[in-house]
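To start, the structure itself, in structure tokens.
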Amino acid sequence: MNVIVLVGSLRADSTNRQLAQNAIAQLPEGSTARVFDRVAELPHYSEDLDAEGRAPAVAEELRGAIADADALIAVTPEYNGTLSSVMKNAIDWASRPYGQACVTGKRTIVLAASGSPYAAKWARTDAVRALQGAGADVVEDTFGVGTSHEAFVDGTLVDAEALAELRALVGRLAPAPVA
Ligand SMILES: Cc1cc2nc3c(=O)[nH]c(=O)nc-3n(C[C@H](O)[C@H](O)[C@H](O)COP(=O)(O)O)c2cc1C
């Protein structure tokens with residue numbers, strides 16, 4: 001499986017980025033994963049920038065990376081009770097051109113880490129909704145890490161039960177076996 005990963009925090013020590021790496025480590029053997037590291041370069045979405053054949057190169061790179069991937073992992077912090085604008089902007093770029101969006105039908109899971117004990121539950125709910133609106137095939141169950149500044153030691157999620165839950169959700173990226 002070839003997976004593209006979007007991280008909605010730009011912070012150098014981002015706990016969401018650490019969560020993304022923990023998710024990547026749970027992928028089935030033989031999988032490849034790429035964190036799309038140019039989200040900060042995406043301009044704020046505007047239809048004026050997205051005229052036929054004139055989308056910014058970085059947006060085309062994002063679209064190509066998602067189109068080429070078998071599945072998508074979206075990892076977002078919670079800012080003011082919702083997903084980060086960085087993540088929402090990436091989803092907006094990925095959602096167009098209308099009718100030909102790279103995310104259409106793309107198997108997707110949503111993960112989030114937040115400093116509060118509520119584990120970014122509003123951000124996760126809203127990210128699922130935005131990705132569904134964009135046309136992705138989103139797993140409605142999500143995975144959240146609360147009190148995230150204490151949750152990772154040397155980049156690894158220390159709670160074994162939580163790690164098992166993450167592994168189970170990552171496992172749902174694979175297409176269901178045909179009966
Ligand atoms: C503008 C802003 C708004 C925030 N709002 C929330 C919030 O609504 N809920 C929450 O749990 N944490 C909130 N936080 C705290 C973040 O959860 C915390 O900064 C977290 O570490 C961000 O993720 P990161 O470690 O990946 O950068 C907010 C932080 C910022 C900077």
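The values are calculated or read from the model by the stated rules, or taken from the named source; none is laboratory data. Owing to the predicted nature of the structure, the values given are computational and were not obtained by experimental measurement. Neighbour counts run over all protein chains shown; Cβ positions are idealised from the backbone, glycine included. We work out accessible area using only protein heavy atoms, side chains counted, and drop any ligands, DNA or RNA first. Shrake-Rupley method; radii C 1.70, N 1.55, O 1.52, S 1.80 Å.
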Residue that is surrounded by fewer than 15 Cβ atoms within 10 Å (Cβ to Cβ) and of a type in the set (A, V, I, L, M, F, W, C), where the choices are Leu6, Leu10: Leu10
Go through (1) more than 16 Å from the ligand (Cβ to nearest atom); (2) farther than 16 Å from Arg107 by Cα; (3) of a type in the set (Gly, Ala, Ser) one by one and return the number of the condition Ser9 breaks. (1)
Looking at (1) touching a Pro at 6+ places or on another chain (Cβ under 8 Å); (2) more than 16 Å from the ligand (Cβ to nearest atom), find the lone condition where Ala69 falls short. (1)
Which one is farthest from the ligand (Cβ to nearest atom), of the residues in the stretch 77-88 that are within 28 Å of Ala55 (Cα to Cα) and open to solvent by 50 Å² or more (accessible area, probe 1.4 Å)? Lys88
Within the stretch 89-118, residues crowded, with 19+ Cβ neighbours inside 10 Å and among the basic types (Lys, Arg) come out as Lys106, Arg107
Under 7 Å by Cβ, and 6 or more places apart or on different chains, what pairs join a residue from the stretch 152-171 that is touching a residue at least 60 places away in the same chain (Cβ under 8 Å) and within 20 Å of Glu29 (Cα to Cα) with one that is open to solvent by 80 Å² or more (accessible area, probe 1.4 Å) and assigned to a helix (DSSP H, G or I)? none
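Can you name every residue in the stretch 147-171 that is in a loop (DSSP other than H, G, I, E, B), open to solvent by 20 Å² or more (accessible area, probe 1.4 Å) and among the hydrophobic types (A, V, I, L, M, F, W, C)?
We begin by selecting, within the stretch 147-171, every residue in a loop (DSSP other than H, G, I, E, B); these are 147, 151, 154-155, 158-159.
Imposing the further condition that a residue be open to solvent by 20 Å² or more (accessible area, probe 1.4 Å) reduces the set to 147, 154-155, 158-159.
Val158 - this is the single residue of the stretch 147-171 that is in a loop (DSSP other than H, G, I, E, B), open to solvent by 20 Å² or more (accessible area, probe 1.4 Å) and among the hydrophobic types (A, V, I, L, M, F, W, C).
Take the stretch 79-102 and flag every residue that is among the aliphatic types (A, V, I, L, M) and closer than 19 Å to Glu41 by Cα.
Just the residues of the stretch 79-102 that are among the aliphatic types (A, V, I, L, M), to begin with: 83, 86-87, 90-91, 94, 101.
Selection gives Leu83, Val86, Met87, Ala90, Ile91, Ala94.
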With Ile91, Ile109 as the choices, which residue is more than 16 Å from the ligand (Cβ to nearest atom), touching a Gly at 6+ places or on another chain (Cβ under 9 Å) and over 20 Å from Asp13 (Cα atoms)? Ile91
Enumeration of residues in the stretch 12-49 that are within 20 Å of Ala119 (Cβ to Cβ), touching a residue at least 12 places away in the same chain (Cβ under 8 Å) and more than 14 Å from the ligand (Cβ to nearest atom): Ile24, Gln26
